[in-house]
Amino acid sequence: QVQLVESGGGLVQTGGSLTLSCAASGLSIGSSSIGWFRQAPGKEREFVVAINWSGTTYSAEAMKGRFTTSRDKEKNTVTLQMNSLKPEDTAVYYCGARDHPYGSKSGDDWPYWGRGNQVTVSS
């Protein structure tokens, strides 16, 4: 059974940084893709950044240069580092996983999800 458990997040001021972690069990992140998505109140789920099985990462245009993701295969954990945060980054952040060498910017392509973690950026 695949489980994804997010940790981190919380409240930060504009311009600050936060780190989210996603600990996976039931699959190996070294042979899977892990993606981060977010959903703000009243809005649709939005792609943030993903890391492929090869370790290649790619992000949404709005997050380039601010959000990065990395993985620790020994700990089977993926981290989302968020810098220069803005109030519009406020959302619940989710990690997703798929047993596929490549990720996807569509949330419908990810069968496994964590429960989400709230990130709030105050102005």
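The values are calculated or read from the model by the stated rules, or taken from the named source; none is laboratory data. This structure is a prediction, so every number in the text was calculated from the model and none was measured. Positions of Cβ are backbone-derived with ideal geometry, glycine not excepted, and every protein chain shown enters the neighbour counts. Accessible surface areas use protein heavy atoms only, side chains included; no ligands, DNA or RNA. Shrake-Rupley method; radii C 1.70, N 1.55, O 1.52, S 1.80 Å.
In table form, for the structure just shown:
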{"item": "Among 87-98, 41-52, the order from most to least packed when residues are scored by Cβ within 10 Å on average", "result": "87-98, 41-52"}
{"item": "Surface share of carbon and sulfur [accessible, 1.4 angstrom probe, percent] for the chain", "result": "46"}
{"item": "Region 20-49 and region 73-117: distance between their alpha carbon centers, rounded to Å", "result": "2"}
{"item": "Convex hull of Cα atoms in the chain, direction-averaged projection (nm²)", "result": "6.7"}
{"item": "Accessible solvent surface per residue of the chain, calculated while the other protein chains remain in place, 1.4 angstrom probe, Å²", "result": "52"}
{"item": "Cβ-placed point charges (K, R +1; D, E -1), dipole of the chain about Cα centre in debye, nearest 20", "result": "140"}
{"item": "Whole-Hz couplings from phi, Karplus 6.51/-1.76/1.60, listed for region 13-23; x for Gly and Pro", "result": "7, 3, x, x, 10, 9, 10, 10, 10, 10, 9"}
{"item": "Extension reserve of the Asn52-Tyr102 stretch, reckoned as 0.36 nm per residue once the Cα distance is removed", "result": "17.5 nm"}
